[in-house]
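Down below is the structure, laid out as structure tokens.
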Amino acid sequence: MGDRQRIKNELKGEIILDEFAFFENKGSKNARKITNKTEQLHFEIWFDKHYVNRTTERNGIDETIIKKLLYDSFFHLIHYSLTLKGFSFVNPNGANDHTHRLVIQQDNNTETLNIAVGFYYISDNKYEITVFTAMVVDNFRISDGQFALLIDNNGSTLKKMDNKKLVILASLF
């Protein structure tokens, strides 16, 4: 005698969602989704002459490593910009001084890669990123009021130099 087929508990047919029904979301116990939209952002990466001149002198700062770290930082920067009051990584129009530069960091096995960058608004959904310098050192100088974003395999940590002390503002894991 053979085994007989078991009856499976599976739905047959098409599942129809009521478009007028209310569901629980992050902000309400009774909310109706009206629409869903995805925006594209266009980032141009530029290398400052200072950075380009240092690529032959310094180890660990070649273009592919820098670009990957910049790409990896986008999600984290946007998250912190939307969730932390007082944090904005995009320079206002016309600003180009040192105080609006951000340091993006990544710990290696021995030392830390530090990239000083500026994010600039160009037009709707278009931004320019300028890499000013990069160094693989543990004692990279961060100016008072400047932000540093440490990216690692598990997430990120946003820090700010405040009165010569590096203060952790938030972490995302």
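No value in this document is a laboratory result; all are computed from the given coordinates. Fair warning: this is a prediction, and the values are worked out from it, not measured in the lab. Glycine also receives a Cβ, built like all others from the backbone with ideal geometry; neighbour counts cover every protein chain displayed.
Observations, loosely collected:
- Lys/Arg +1, Asp/Glu -1 at C-beta; the stretch 1-126 dipole; positive extreme among His79, Thr110, Tyr51: His79
- The stretch 42-172: C-alpha gyration tensor shape, a/c 1.5 cut-off, then a/b vs b/c: rounded
- Least to most buried among Thr55, Thr112 (fewest other Cβ within 10 Å first): Thr55, Thr112
- Its Cα centre serving as origin, the stretch 42-172 has a Cβ charge dipole (Lys and Arg +1, Asp and Glu -1) of approximately 300 debye.
- Calculation over all alpha carbon pairs of the stretch 124-173 in 10 angstrom steps from 0 returns a P(r) of 21, 42, 33, 4 percent.
- Among Ile142, Ile45, Ile16, the largest mean-square fluctuation in a Gaussian network model of the chain, built with springs joining Cα atoms closer than 10 Å, belongs to Ile16.
- Per-residue Cβ neighbour counts within 10 Å put Lys160, Lys165, Lys12 in the sequence Lys12, Lys165, Lys160, beginning with the fewest.
- Rounded to 10°, Cα long-axis angle of helix 63-83 versus longest principal axis of the chain: 70
- Calculated FRET efficiency for the pair Glu63/His42, C-beta based, R₀ 25 Å, to 0.05: 0.80
- Links that overshoot a 27 Å alpha carbon limit, given the list Lys85/Lys126; Lys68/Lys126; Lys37/Lys159; Lys33/Lys160; Lys37/Lys126: Lys37/Lys159; Lys33/Lys160
- Cα shape, the stretch 1-97, gyration tensor, a/c 1.5 rule: oblate
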